[in-house]
Amino acid sequence: MKKIILLVVVLAAVVWSTGCATSKSLDSFGGGGGSGNSAFQAGNWAFTTSGGINGAIAMGGNLVDSGGTVSGDLFVIGDVGSGFNDLSTPMAVTGTLSSGTLTLNGTIGGSAIAITFTSVPTTGTITTLSGTYTVTGGTDTGDTGSITGVAAGSFSGTWSGTDATTGGTMTVNFTEATTAAADGSFPLTATSGTGVLFTGGTGCTLAGSLNSGTSFVAGGIVYLNITATDGVVTFFGVADNAASPATLSGGGYTYNGATSCMLQTGGAQIPLTLTKQ
């Protein structure tokens, strides 16, 4: 279980494309979909909603298909008011793929989420989805609207962003696992060295190491846990386009250390966008 609680999430401007883009290449499960269906792309999937009563919801994680039964685990995060602000536990989902329709159902934090995707391709490989969702129970009860999904691309690479107040820059390099963890997330490990570099702030330094056990990608959701010289830095963001991610925004970082020349301290969530280099 990941020990993460996020109190501030801004997803209104975070929308990823479900158009033509390179999806993650992972082995499919079982014999593919049910009768009359194309092959379902197993692996990391990213979903976003629109038209809801409490703003957008982002969901993401590992999905697999076995003989027309689609199942997996999705992390759920939403705008303030939705009640979906905890990334410690994913939502287990299950559903069926048959004759151009895919249903998914799950429960998290007292909320039952029902999703129906229609016009699912019946030839080729399924890498994009569109449909509707409904939430029953919990803070977001009565929420309904449209939802789109896309098989996510690779997040491996070097990402960097600069704090607007201190001018300090955080650069992180990592490699995304090709196999999902038991909770449906895809762990991140440092590609080289500690995986973290802080620069800026005359006269002071800050070192850090990316913690692979608690840093992950789930759909378009990215969470980084960094052990710094004098504390802990965490970062949360959502990809602009999960199929071909270039920026991570909508959240920010927290830092509970004392070296304020690099990043703002105090533990409050500070806006920060990471851009792929």
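The values are calculated or read from the model by the stated rules, or taken from the named source; none is laboratory data. Note that the structure is predicted; figures quoted are calculated from it, not measured. Note: ideal-geometry Cβ built from the backbone for every residue, glycine included; neighbour counts use all protein chains shown.
Things to note:
- Qualifying residues in region 167-182 (those that are assigned to a loop (DSSP other than H, G, I, E, B) and surrounded by fewer than 18 Cβ atoms within 10 Å (Cβ to Cβ)) - the one farthest from the chain's Cα centre (by Cα): G167
- For N241, the criteria (1) at pLDDT 95 or above; (2) surrounded by fewer than 24 Cβ atoms within 10 Å (Cβ to Cβ); (3) in contact with a strand residue (DSSP E or B) (Cβ under 6 Å, 6 or more places away or on another chain); (4) part of a loop (DSSP other than H, G, I, E, B) hold in every case but one, which is (3).
- Test for L224: is it modelled with pLDDT under 95 and buried (at least 21 other Cβ atoms within 10 Å of the Cβ): no
- Residues in region 106-123 that are of a type in the set (S, T, Y) and either part of a strand (DSSP E or B) or free of Cβ contacts under 8 Å to residues at least 60 places away in the same chain (or both): T107, S111, T116, T118, S119.
- In the condition set (1) farther than 21 Å from G251 by Cβ; (2) modelled with pLDDT of 95 or more, G201 is compliant with all but (2).
- All positions within region 156-166 that are part of a strand (DSSP E or B), among the small types (G, A, S) and under 11 Å from L272 (Cβ atoms): S160, G161
- Tally, over region 72-90, of residues that are in contact with a Leu (Cβ under 7 Å, 6 or more places away or on another chain), on the phi < 0 side of the Ramachandran plot and either assigned to a strand (DSSP E or B) or outside the structural domain of T103 (by TED's automatic domain parsing) (or both): 3
- Entry remark, region 244-272: residues being part of a loop (DSSP other than H, G, I, E, B) and β-branched (V, I, T) number 2 in total.
- Within region 120-133, not a single residue is out of contact with any helix residue (DSSP H, G or I) (no Cβ under 8 Å at 6 or more places or on another chain) and under 29 Å from N225 (Cα atoms).
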